[in-house]
1. Over all directions, average the projected area of the Cα convex hull of the chain and note it in nm².
2. Taking neighbour counts of Cβ atoms within 10 Å as a proxy for exposure, in what order, fewest first, do Phe98, Phe130, Phe26, Phe199 appear?
3. To the nearest 10 degrees, how steep is helix 2-12 against the longest Cα principal axis of the chain, on a 0 to 90 scale?
4. Could you give the angle, 0 to 90 degrees to the nearest 10, between helix 36-45's Cα long axis and the longest principal axis of the Cα atoms of the chain?
5. Ranked highest first by the average count of other Cβ atoms within 10 Å around their residues, in what order do 67-76, 46-55 fall?
6. Tell me, what is the FRET efficiency for Lys212 and Gln16 to the nearest 0.05, using R0 = 45 angstrom and their Cβ-Cβ distance as r?
Amino acid sequence: MKKLLYKEVMLCTNIQIILFAVFALFVLIPSWPPAVAFVYPLSGLMSLFPRGLANKDIEYTSLLPVRKTDIVKGKMLYLCLIEIVVIILATIGGIIRFFFFKEPTKPDELQYFMAVRPSISLLGFAFLSFGIMNAVLVGLYYRNPYKRLAGPNLISLLICVIILAIGSVVIAFAPALREYDVIGIIAQASTLVIGAGLFVLFSYLGYKLGAKAFINVDL
């Protein structure tokens, strides 16, 4: 599986994926909602399957000594790898912004400040959105990998945007999810752990759904 993941990285990575993943550093922009920084990398991932279809990635991989389920597993691991890189980049950017950038703090701007301030809990919602995207995208795509492109891409992206938007609103109105006192740190850390756990769970579910569907596809 390590070699299959290496193949995905070397042959399926394109400039759009790399460029949009780096856009996670948009979290550094002062007074910019940090959740938006996760939307751009998701948009970059939307190019993965169309590019693979154009390059006959499935046909090539099927010629390798691997099972059909391994083809889906390799793609899922590649998606997860990119998403974790995005999380790491956003975390680095959020730390820099939190300690070195000044946000608006005047009373009439307080609610806006709450909405845009980077927080650990936002990473939990990002993990959740990535996991659901993996489940929807891979689960739907491999039902008919030669035709189903726009639908899975748009549906998964829309769901992720909605989750990130809901997460931003919840964080803005829940002090424990944005403050760094003892209770706040515990609440934020718990949100991160739960989000990461759901990321693994939904990604695994997406792999199982995609693999089950792909077995019945005539190559």
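We did not get these values from a lab; they are worked out from the coordinates using the rules stated. As the structure is a computational prediction, the values presented were derived from the model and not from experiment. Don't worry about glycine lacking a Cβ; one is built from the backbone with ideal geometry, like all the others, and counts go over all protein chains shown.
1. 12.0
2. Final ranking by Cβ density, sparse to dense: Phe98, Phe26, Phe199, Phe130.
3. 80
4. Once rounded, the angle reads 10 degrees.
5. On the way: 67-76: 20.5, 46-55: 16.6.
Put in order of decreasing packing, that is 67-76, 46-55.
6. Working: r = 29 Å, r/R0 = 0.65.
So the FRET efficiency works out to roughly 0.95.
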